[in-house]
Amino acid sequence: MDIVKQTDTPFYYYDMDVLRSTLEEINCQIEGHPFIVHYAVKANGNPLILKEISKYNFGADLVSGGEIEAAIQAGFDARRMTFSGVGKTDWEIRTGLSHGIGCFNVESVPELDVINEIAHEMDTIANIAIRVNPDIDAHTHKYITTGTADNKFGINIEVLDQVIDHVATLPHLHLRSLHFHIGSQITLLQPYVMLCDTINGLLDHFEKKNIHFEMINVGGGLGIDYEHPEEHPMPDFKGYFDTFKNCLRLRPGQQLHFELGRAVVGGCGSLISRVVFVKETRNKKFVILDAGMTDLIRPALYSAHHKIVNLTAGDDRQPGVETYDVVGPVCESSDVFAIDCHLPLTRRGDLIAIRSAGAYGESMSSRYNMRRLPGSVFFSSK
Ligand code: LLP
């Protein structure tokens with residue numbers, strides 16, 4: 001706690017014990033199955049977080065050249081890397097090829113042609129997966145739904161045969177896999193059951209055509225409990241992996257790949273901030289923090305809920321339960337962390353924790369208003 005009191009706010013506080021037990025739980029659930037979990041680096045690319053995750057035999061799921069470089073730097077094995085994204089540029093494709101990454105998750109026909117061309121120039125073969133848009137509604141926020149027919153990701157099932165025939169004409173591509181990703185912060189298992197049904201149907205279809213895949217990649221998306229982070233510091237990994245164990249008919253020798261981001265790091269991080277002012281207007285009481293939407297944009301961008309805790313007030317400032325709007329200092333009306341939030345009586349200088357911010361917190365921070373980027377502090381009992 002001393003380190004928290006002494007560090008300049010705002011900063012991200014990462015509990016490495018929580019991260020390690022999450023990684024151990026995932027490895028325990030997949031043991032004895034041909035499953036490979038890739039960590040989705042976009043959720044948190046902090047070098048120390050990446051280094052820790054790479055020690056647990058995870059692959060890396062990447063969406064830019066910068067992420068490929070960061071993952072290599074952190075010690076991830078290039079053969080266990082997947083590279084997704086609808087707009088991979090030539091240098092990013094070259095970066096992936098020069099490191100020999102495990103799989104490009106290809107999202108369109110023009111991208112197939114360009115990867116083939118660049119692989120030809122580099123005298124190599126690119127391992128690829130076709131990213132299929134399975135048209136499944138994951139019942140999540142519209143900005144983080146990715147698997148419905150109306151969004152930009154993947155290739156529609158109707159044209160899959162045609163696209164795979166096209167791949168066969170491109171000599172510098174090696175088709176290894178079909179890739180799927182249906183969205184993020186998915187808290188029900190039903191969408192994954194539907195995904196398994198879709199994949200089973202596709203595997204039957206391609207088997208008839210004598211087309212086989214070494215691996216299937218079901219993407220990520222498993223959600224976390226933002227309401228009750230203490231009770232559920234990690235999601236129900238057993239239920240999640242059991243869904244695939246029970247519902248997906250993998251073929252002999254076929255591997256199943258996952259790309260989990262939020263579920264791996266979401267619970268281990270909090271954004272720690274100090275109260276600059278408590279301000280009362282005619283209708284409202286505001287707690288104004290030194291952290292803003294530049295440090296954690298999820299509430300402003302997705303109306304996302306994060307639990308807010310006054311660390312200073314602790315138990316000794318009872319009974320005062322007040323209702324505040326908790327806001328940041330940025331010159332935008334959307335710079336709000338919570339509306340009508342119940343907190344103990346809160347004063348200038350109090351330390352505030354915004355919980356469950358390990359995923360898509362630090363990695364989405366910006367320097368808007370020329371603010372400093374948040375720092376990071378790591379707690380470890382070992
Ligand atoms: N694989 C692909 C192809 C993805 O697009 C994503 C996330 C993942 C894996 C990892 O998904 P996860 O397991 O973390 O749900 N910024 C938003 C989330 C955007 C997710 C984008 N894609 C948020 O803060 O909620």
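What fraction of the Cα pairs in the stretch 298-382, stated in percent, has a spacing above 14 angstrom?
71
Using only alpha carbon pairs under 8 Å that are at least six residues apart, calculate the relative contact order of the chain and give it in whole percent.
Once normalised by length, the contact order is 20 percent.
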| said: Rounded, prolate or oblate for the stretch 1-105? Axes are the square roots of the Cα gyration tensor eigenvalues, ordered a ≥ b ≥ c, and the cut-off for rounded is a/c under 1.5. | reply: oblate
| said: Could you sort the peptides 222-228, 85-91 by per-residue average Cβ neighbour count (10 Å cutoff), highest mean leading? | reply: 222-228, 85-91
| Among Gly239, Gly220, Gly102: highest mean-square fluctuation, GNM of the chain, C-alpha pairs under 10 Å | Gly239
| message | Using a 4.7 Å cut-off between beta carbons, which cysteines in the chain end up with no partner cysteine at all? | response | Cys28, Cys103, Cys268, Cys331, Cys341
| said: Under 10 Å, Cα contacts only: if you run a Gaussian network model on the chain, which one of Gly349, Gly219, Gly266 comes out with the highest mean-square fluctuation? | reply: Gly349
| remark: Put in order of increasing Cβ neighbours within 10 Å, starting from the fewest, Ile216, Ile352 give Ile216, Ile352
| request: Could you tell me the largest-minus-smallest coordinate of the C-alpha atoms of the chain on each of the three principal axes, in descending order and whole angstroms? | output: 70, 44, 41
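Restricting to the chain, what percent of DSSP beta bridges are antiparallel, rounded to 5?
35
Just add up the charged neighbours of Ala74: K/R +1, D/E -1, any other residue whose Cβ is under 13 Å from the Cβ of Ala74.
-1
Every read-out reported here was derived from the displayed coordinates using simple, explicitly stated rules and does not represent laboratory data. The shown structure was predicted, so the numbers you read here are calculated from the model rather than taken from an experiment. Quick reminder, even Gly has a Cβ in these numbers, built from the backbone with ideal geometry, and neighbours come from all protein chains shown.
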